[in-house]
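As structure tokens, the structure follows; a few thoughts come after it.
The values are calculated or read from the model by the stated rules, or taken from the named source; none is laboratory data. Bear in mind that the values here come from a model prediction, so they are computed numbers and not experimental data. Note that we place each Cβ from the backbone using ideal geometry, even for glycine, and neighbour counts take in every protein chain shown. SASA here: full protein model, heavy atoms, side chains in, ligands and nucleic acids out. Shrake-Rupley method; radii C 1.70, N 1.55, O 1.52, S 1.80 Å.
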2 protein chains.
Amino acid sequence: MDRVDEAIGGGARLLARLDRASTTQVVADALRERILDGQLRSGSQCQELQLTAALGVSRNTLREAFQILIAERLLVREPHRGVFVRRLEAADVRDIYAVRRLIECAALAAPASTRGLPEMQAAVETAHAAAARGDWYEVGNADVRFHLAITASVGSARVDRTMRALLAELRLAFQLMADAHALHEPFLGRNQQLVEMLEQRRPVEASIELAGYLDDAEQLLLATLTPVEP
Amino acid sequence: MDRVDEAIGGGARLLARLDRASTTQVVADALRERILDGQLRSGSQCQELQLTAALGVSRNTLREAFQILIAERLLVREPHRGVFVRRLEAADVRDIYAVRRLIECAALAAPASTRGLPEMQAAVETAHAAAARGDWYEVGNADVRFHLAITASVGSARVDRTMRALLAELRLAFQLMADAHALHEPFLGRNQQLVEMLEQRRPVEASIELAGYLDDAEQLLLATLTPVEP
DNA sequence: ACATATGAGTTGTTCGACAATCCAACAAGA
DNA sequence: TCTTGTTGGATTGTCGAACAACTCATATGT
């Protein structure tokens, strides 16, 4: 075989080669991370030549990675103009929250929703710790985990994926806000409250509370979103 | 503008140029159609060289189209082995029907569900006509339109897209059945029944009926799916 | 001032190359 | 015979270069 010499470096290296991701996947993951943490700002263009240079990959590979993120709706392609980090419109935010109310409230109202309690509790603690040190990006991560724990109780891989994609998309809107503090702070306590309601076996009440919670979050986001015009 | 000469052929031609699709998109659409109508059988491999020759496009363009259909879960990639038309497992079918019950029943129970009535009625008629002439593929199309009309009443673009993708995915399983007749026939009348319940403003009853309907469809599909082993 | 032409820069698509990997067929040894 | 390498061909993964098609800003002509 060719290049056996390089594999001699150690067994860990060999195993790593087995379930390695393709370059395309690595690039897509890297871009997704940069988008979600705000390094690639909403609305900014992703120029092929520039990114191929920055990432050290070919245009073909980069374009395959683009397709992945376009399918996830984190990027949009404008034909012959370029690929851009998606900008969420007010209508998108409303749509996303409508879906969240539909799925999350249904999941929380079901008796099985207590299955997600350990994950939810852990997420609440992580969020509090992160907030205490002012790491609002990590607070956002923990909040995503919290809501994923709710929908995980449905036990459906597709619901999981849908929610994951939906919450990632929503984070595009978070970054348009000047201070993430104002967005996340009010909901730290309410997450805690939902946990307690579930601990006391009052899932239906929790579901109703969550509906109001999501309404408030939607309004807050819309209020800070609409005045923004480039 | 450039190339005005070519546009003289007619206004339709001009419009076609404006919102023309990229080659990648055309290829993805062509492949999707071939998958859904069964020309590309579930489990079969999509070899790059073979398809580039058949479609007259380059490998790179084909691979970009693959990414689109992989994201739609109609194709799966096995690294270094190839791209295959997805095979649905029993677990997939169960998962899909769980999501359908969640979304469709919620949509139908809501008062707004009567908004979709005209579309639903049209789909029922189309299905009956297609069934009368034995065109079971078109019956399947009409059935998809029927259920999309139900979820359209939610008024969410994302719910629409999710359902569209879900039903496309589900058609992968339909093709594994020997006769589509056995699958669709029992549900022609039940679609009609749902329409009538909605016409009589009994959405909640309709929702309950739909839940049983989906249960039955799931069981029918699972029964014909599990014994199939290549 | 307005319409049109020009040109530089970017995207869309193709081609050819080669490394990495899989797989089936074969060869060698127990 | 059965198992265990070995080998070579076929396929996928990734790259680089090329050119056509298109966008946009600028310059030109009227």
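Does the range B:105-115 contain any residue that is touching a helix residue (DSSP H, G or I) at 6+ places or on another chain (Cβ under 7 Å) and at positive phi? Looking through the range B:105-115, none of the residues is touching a helix residue (DSSP H, G or I) at 6+ places or on another chain (Cβ under 7 Å) and at positive phi.
Any chance the range A:34-46 includes a residue that's closer than 19 Å to residue B:22 by Cα, within 14 Å of DNA strand C (Cβ to nearest atom) and surrounded by 14 or more Cβ atoms within 10 Å (Cβ to Cβ)? So that I can check it myself, show each step before the final result.
Of the range A:34-46, the ones closer than 19 Å to residue B:22 by Cα are A:46.
Still in the running and within 14 Å of DNA strand C (Cβ to nearest atom): A:46.
Next cut, surrounded by 14 or more Cβ atoms within 10 Å (Cβ to Cβ) only: A:46.
Yes, the range A:34-46 contains a residue that is closer than 19 Å to residue B:22 by Cα, within 14 Å of DNA strand C (Cβ to nearest atom) and surrounded by 14 or more Cβ atoms within 10 Å (Cβ to Cβ).
Using the structure shown, decide if residue A:94 is within 10 Å of another protein chain (Cβ to nearest Cβ), under 30 Å from residue A:189 (Cβ atoms) and either within 16 Å of DNA strand C (Cβ to nearest atom) or open to solvent by 40 Å² or more (accessible area, probe 1.4 Å) (or both). Answer is yes for this residue.
No other residue among B:206, B:223, B:142 is open to solvent by less than 10 Å² (accessible area, probe 1.4 Å), more than 30 Å from residue A:104 (Cβ to Cβ) and assigned to a helix (DSSP H, G or I) apart from B:142.
Checked against (1) modelled with pLDDT of 95 or more; (2) closer than 25 Å to residue A:160 by Cβ; (3) of a type in the set (Gly, Ala, Ser), residue A:53 passes all but condition (2).
Residue B:164 meets the conditions (1) away from every other protein chain (no Cβ under 14 Å); (2) surrounded by fewer than 17 Cβ atoms within 10 Å (Cβ to Cβ); (3) among the basic types (Lys, Arg) in every case but one. The failed one is (1).
Is it the case that residue B:188 is in contact with a Gly (Cβ under 9 Å, 6 or more places away or on another chain), modelled with pLDDT under 95 and assigned to a helix (DSSP H, G or I)? So residue B:188 does not fit the description; no. Scanning the range B:129-149 finds no residues that are within 14 Å of chain A (Cβ to nearest Cβ), in contact with a Gly (Cβ under 7 Å, 6 or more places away or on another chain) and of a type in the set (A, V, I, L, M, F, W, C). Residue B:73 meets all of the listed conditions (1) in a loop (DSSP other than H, G, I, E, B); (2) closer than 19 Å to residue A:79 by Cβ; (3) modelled with pLDDT of 95 or more but one, namely (2). Every test in (1) open to solvent by less than 60 Å² (accessible area, probe 1.4 Å); (2) within 16 Å of DNA strand C (Cβ to nearest atom); (3) facing another protein chain (nearest Cβ under 10 Å) is passed by residue A:77 save one, and that test is (1). Going by what's in this entry, would residue A:83 be described as within 14 Å of another protein chain (Cβ to nearest Cβ) and not in a helix (DSSP H, G or I)? Criteria met by residue A:83. Here is a check on your reading of the model: is residue A:61 within 16 Å of DNA strand C (Cβ to nearest atom), assigned to a helix (DSSP H, G or I) and at pLDDT 95 or above? It is true that residue A:61 is within 16 Å of DNA strand C (Cβ to nearest atom), assigned to a helix (DSSP H, G or I) and at pLDDT 95 or above. If only residues of the range A:65-74 that are open to solvent by less than 70 Å² (accessible area, probe 1.4 Å) and closer than 19 Å to residue B:28 by Cα are counted, the one that is nearest to DNA strand D (Cβ to nearest atom) is A:65. Within the range B:167-185, the residues that satisfy the criterion of being away from every other protein chain (no Cβ under 14 Å), surrounded by fewer than 20 Cβ atoms within 10 Å (Cβ to Cβ) and in a helix (DSSP H, G or I) are B:180, B:181, B:182, B:185. Please verify whether residue B:190 is at positive phi and either open to solvent by less than 40 Å² (accessible area, probe 1.4 Å) or away from chain A (no Cβ under 14 Å) (or both), treating the condition exactly as stated. No, not satisfied.
Considering only residues that are touching a residue at least 40 places away in the same chain (Cβ under 8 Å) and not β-branched (Val, Ile, Thr), which ones fall in the range B:46-74?
Residues of the range B:46-74 touching a residue at least 40 places away in the same chain (Cβ under 8 Å): B:64-65, B:68-69, B:72-74.
Within the range B:46-74, B:64, B:65, B:69, B:72, B:73, B:74 qualify.
For residue B:221, the test of being at pLDDT below 95 and of a type in the set (A, V, I, L, M) is passed.
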